[in-house]
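What follows is a single structure, written as structure tokens, with notes after it.
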Amino acid sequence: MNDYPHLLEPITIGDLTLRNRAVMGSMHTGLEDFAWDIPKLAAYFAERARGGVGLIVTGGYSPSKRGWLKPFASELTTRLQAERHKEVTGAVHDEGGAIALQVLHAGRYGYTPFSQSASEKKSPITPFSPSAMSTKQVDRTATSFAHTAGLAQRAGYDAVEIMGSEGYLINQFLAARTNEREDAWGGTATRRMRFPVEVVRRTREVVGDAFPIIYRISLLDLVEGGQTWDEVMELALLVEQAGATVLNTGIGWHEARVPTIITQVPRGAWTWTTRRLREEVGIPVCASNRINTPELADQLIADGTADLVSMARPLLADPGFVNKAAAGRADEINTCIACNQACLDHAFANQRASCLVNPRACRETELVLLSTRRSSTVAVVGAGPAGLSAATSYAERGFEVTLFEKDAELGGQFRLAMQIPGKEEFAETMRYYERRLSVLGVTVRLGTAATVDLLSAYDEVVVSTGVEPRMPDIPGIEHAHSYADVLNGSVTPGRRVAVIGAGGIGVDVSVWLTHTPSLPGEDLDDWLAHWGVGDPSLFVAGLTERKPRTPAREVYLVQRKTSMIGKDLGKTSGWAHRAVLRQSGVEQISGASYDLIDEAGLHLTVGGQFRLLEVDDVVVCAGQESVRRLYDDLLAAGRPATLIGGADLAAELDAKRAIEQGMRVAAEA
Ligand code: NAP
Ligand code: SF4
């Protein structure tokens, strides 16, 4: 008996028996787009299959050029392409896994001037207006889905997934928001449903009776003019009748202004909608979105919410997620922290996806930690993200590693990040590294400031002594506190606070300062209410009035630049952080110069006008300076050392760069 019997129980869908109910959901990585990346894609999926996941779903493949996500993006339209996919399906099967190909037509989300949709309405997140499909083109497009599914079957895929959610073409046909047609494919809700129903029906005709067809249904559109709950339930039954084998669930269009998967979204936030769907249909249902632990996945199956659980990013973060859970080693799982920084932010910026906590993701053939033949000792100094990554990566290669940390705890800047409301998941990364250090036998010396003498005993030295907050040269700066002192609890700010510096940390600290905790057990209800998400059977597409937040403090967030505050935050999460600032009443001041800090508050000049912010405290979030004293001492003593992380380069340092550099330096040693 293992700890997760429900998650690990096999399930049969159509003619396919899955070894467990964990599904690696679809995630576009950028490796799908070109034939020359197929070996890398095969290695990426094979590693996940080796890690025990029941079913993998590929990134989306378009059934036609007009359905491309971007110019020359992934498509599966020819036999030659299908032939090439055999390398991917073969690699997964060799590892005992199963794999489904997702068929995705981008519709008006296509980043091309040739995009097509149900109508000509442009999406707010792409620069191109689509052309409206003619009646004949709609018919041909429905058939093209089935054709691509047939090619997937020929290529050795075990199933297909029809992408009907997240606001892509099928969703565009379903919603009055985007379907303004008056022909047989629009006009009434039933006619708008005809397109997905035909897609599934024709696909079933092509692939035969038993081949699994997964249909990803949009349970909550979360956009104005989206589907009603009754329409979604009617569609679910129609799609089931048309031949779908499984219903996977999607939440929110990409253009929705409600976050659905980032860290601040409570775990399992949408599973109540999956449960309601499952009560209405006769085929297995798959839960998705913000499910990142085996405990939650198992519970969802045990309590009847779902039959399968889809986890895309958690499988990027840890390919061995399922095997670790099955072997009683769940505490060794490298948990996805839902930051989006290396996966979706990369995908939307046209870069290859990876993972902040697992830089090997999508680089399985390039970033390899080979066993070493040398019996060298390595000292890593500083246990922030860069140092933790270096220490564990060296140890994984077989080096004998000692990790020095001057503080009493591991984590450095990461320990501060996890104090931010909505970033609590960062604690999982600390748990992962602590466990990994122990499993790999790294000697950890906490509360020890390494010296040149101490380090002379080691063959190799890696310096990751991190950063310290920059305290700018403003008259009266001694009256201000650094963000580190606030977040580590050394200082408790008063009711009115000014924040100097509006980068990522300034925004985070403003969120921390204004946050009012929910009553125990009401986190999810509060969170949904703040974002205006209501019962979809009462409110169309699940959208209702937003409940204002009650800020815990009055906060001013100030920067010298004149640009929009938070402009450089993550592509897929920055808008949500900016919205929280607005909801919390944070006054944002750009184009300021700092004149003085004194007992009265923060004196500014903005647009040539003097202004006094009468605050109790001023918190400085003005970036960081590298801490390199030890490195300089080592160099002066003629002792070579490798400098990484914030100690190497403080500007624009983030955990993604630090963890990647730590691993890379070990891989190349
Ligand atoms: P940052 O993003 O570089 O921002 C620091 C801000 O301080 C600058 O925007 C700058 O704005 C101001 N500043 C710099 N020097 C100053 C000076 N001498 N006097 C007054 N103001 C000064 O650094 P951070 O906020 O410390 O964040 C560190 C890293 O973590 C960044 O790479 C960031 O992207 C990352 N991070 C990201 C997130 C997220 O995406 N949510 C959250 C936290 C951290 P002005 O010059 O305009 O005043
Ligand atoms: Fe998860 Fe962040 Fe990794 Fe994406 S980059 S898979 S969100 S941890």
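The values are calculated or read from the model by the stated rules, or taken from the named source; none is laboratory data. Since the model is a prediction, treat every value here as computed from it, not as a measurement. In this analysis, Cβ positions are derived from the backbone assuming ideal geometry, glycine residues included, and neighbour counts consider all displayed protein chains. Only protein heavy atoms, including side chains, enter the accessible area calculation; ligands, DNA and RNA are left aside. Shrake-Rupley method; radii C 1.70, N 1.55, O 1.52, S 1.80 Å.
Against the list (1) more than 24 Å from the chain's Cα centre (by Cα); (2) open to solvent by 50 Å² or more (accessible area, probe 1.4 Å), the condition Gly476 fails is (2).
Look at segment 399-410: where a residue is touching a residue at least 60 places away in the same chain (Cβ under 8 Å) and a partner is β-branched (Val, Ile, Thr) and open to solvent by less than 10 Å² (accessible area, probe 1.4 Å), sitting 6+ places away or on another chain with Cβ atoms under 8 Å, you get Phe399/Val378.
Each residue in segment 19-75 was checked for being farther than 17 Å from Arg360 by Cβ, open to solvent by less than 30 Å² (accessible area, probe 1.4 Å), assigned to a helix (DSSP H, G or I) and not aliphatic (A, V, I, L, M), and 1 pass. In segment 266-288 there is no residue matching the filter, namely being under 20 Å from the mean Cα position of the chain (by Cα), at positive phi and within 15 Å of ligand 2 (Cβ to nearest atom). Assessment of segment 452-462 against the conditions (surrounded by fewer than 20 Cβ atoms within 10 Å (Cβ to Cβ), among the polar types (S, T, N, Q) and within 27 Å of the chain's Cα centre (by Cα)) yields no matching residue.
On inspection, Ser144 fails the criterion of being touching a residue at least 12 places away in the same chain (Cβ under 8 Å), of a type in the set (Ser, Thr, Tyr), in the same structural domain as Val223 (by TED's automatic domain parsing) and assigned to a loop (DSSP other than H, G, I, E, B). Considering only residues that are open to solvent by 20 Å² or more (accessible area, probe 1.4 Å) and touching a residue at least 40 places away in the same chain (Cβ under 8 Å), look in segment 425-439 and name the one that is nearest to ligand 1 (Cβ to nearest atom). Selected residue: Glu428. Please tell me if Asp407 is surrounded by fewer than 21 Cβ atoms within 10 Å (Cβ to Cβ), under 30 Å from Glu468 (Cβ atoms) and within 16 Å of ligand 1 (Cβ to nearest atom). For Asp407, the condition - surrounded by fewer than 21 Cβ atoms within 10 Å (Cβ to Cβ), under 30 Å from Glu468 (Cβ atoms) and within 16 Å of ligand 1 (Cβ to nearest atom) - is not met. Could you tell me whether Tyr157 is of a type outside the set (Asp, Glu), surrounded by fewer than 24 Cβ atoms within 10 Å (Cβ to Cβ) and not in a helix (DSSP H, G or I)? No: the conditions fail for Tyr157. For segment 649-669, residues that are under 27 Å from the mean Cα position of the chain (by Cα) and without any contact (Cβ under 8 Å) to a residue 40 or more places away in the chain total 4.
The single condition from (1) in contact (Cβ under 8 Å) with a residue 24 or more places away in the chain; (2) within 15 Å of ligand 1 (Cβ to nearest atom); (3) hydrophobic (A, V, I, L, M, F, W, C) that Met418 fails is (1). Considering Lys567, Lys571, the condition of being open to solvent by 70 Å² or more (accessible area, probe 1.4 Å), assigned by TED's automatic domain parsing to the domain that holds Asp508, modelled with pLDDT under 95 and in contact with a helix residue (DSSP H, G or I) (Cβ under 6 Å, 6 or more places away or on another chain) is satisfied by Lys571 alone. When you check Gly422 against the structure, is it crowded, with 20+ Cβ neighbours inside 10 Å, at pLDDT below 90 and small (Gly, Ala, Ser), yes or no? When the stated conditions are applied, Gly422 passes them.
Please state which one of Ala118, Ala100, Ala142, Ala132 is within 26 Å of Ala312 (Cα to Cα) and of a type in the set (A, V, I, L, M, F, W, C). None of the others qualify; the one that does is Ala100. In segment 481-495, the residue that is surrounded by the most Cβ atoms within 10 Å (Cβ to Cβ) out of those that are of a type in the set (Ser, Thr, Tyr) and in contact (Cβ under 8 Å) with a residue 24 or more places away in the chain is Tyr483. Among the residues of segment 89-112, is there at least one that is touching a residue at least 12 places away in the same chain (Cβ under 8 Å), of a type in the set (Asp, Glu) and touching a Ser or Thr at 6+ places or on another chain (Cβ under 7 Å)? No, segment 89-112 contains no residue that is touching a residue at least 12 places away in the same chain (Cβ under 8 Å), of a type in the set (Asp, Glu) and touching a Ser or Thr at 6+ places or on another chain (Cβ under 7 Å). Taking the numbered list (1) among the small types (Gly, Ala, Ser); (2) away from ligand 2 (no atom under 16 Å from the Cβ); (3) in contact (Cβ under 8 Å) with a residue 12 or more places away in the chain; (4) in the same structural domain as Asp595 (by TED's automatic domain parsing) in turn, Ala529 passes all entries but (4). The set of residues in segment 301-358 that are among the charged types (D, E, K, R), over 10 Å from the mean Cα position of the chain (by Cα) and within 10 Å of ligand 2 (Cβ to nearest atom) contains only Asp318. With a requirement of 1 or more residues that are under 33 Å from the mean Cα position of the chain (by Cα), the strands (runs of 3 or more DSSP E) lying completely within segment 605-647 that satisfy it span 617-620, 624-626.
Could you say whether any residue in segment 496-508 is at pLDDT 95 or above, in contact with a strand residue (DSSP E or B) (Cβ under 7 Å, 6 or more places away or on another chain), closer than 29 Å to Asp616 by Cβ and surrounded by fewer than 20 Cβ atoms within 10 Å (Cβ to Cβ)? The answer is yes, given that some residue of segment 496-508 is at pLDDT 95 or above, in contact with a strand residue (DSSP E or B) (Cβ under 7 Å, 6 or more places away or on another chain), closer than 29 Å to Asp616 by Cβ and surrounded by fewer than 20 Cβ atoms within 10 Å (Cβ to Cβ). Checked against the criteria, Asp298 does not count as closer than 19 Å to Glu424 by Cβ and away from ligand 2 (no atom under 14 Å from the Cβ).
Taking the conditions exactly as written (away from ligand 2 (no atom under 16 Å from the Cβ) and touching a Pro at 6+ places or on another chain (Cβ under 9 Å)), does Asp633 satisfy them or not? When the stated conditions are applied, Asp633 does not pass them. Please tell me if Ile644 is more than 14 Å from ligand 1 (Cβ to nearest atom), assigned by TED's automatic domain parsing to the domain that holds Ala450 and of a type in the set (Val, Ile, Thr). It is true that Ile644 is more than 14 Å from ligand 1 (Cβ to nearest atom), assigned by TED's automatic domain parsing to the domain that holds Ala450 and of a type in the set (Val, Ile, Thr). Cβ-Cβ distances below 6 Å connect the following pairs, each with a first residue in segment 340-366 that is of a type in the set (Val, Ile, Thr), a second residue that is near ligand 2 (Cβ under 6 Å from one of its atoms), and a separation of six or more residues or different chains: Val357/Ala317.
Here the condition is being under 21 Å from Ile213 (Cα atoms) and over 28 Å from the mean Cα position of the chain (by Cα); of Ser144, Ser62, Ser134, Ser74, it holds for Ser144 alone.
From the list Arg560, Arg549, Arg470, the lone residue that is surrounded by fewer than 22 Cβ atoms within 10 Å (Cβ to Cβ), within 11 Å of ligand 1 (Cβ to nearest atom), free of Cβ contacts under 8 Å to residues at least 40 places away in the same chain and basic (Lys, Arg) is Arg560.
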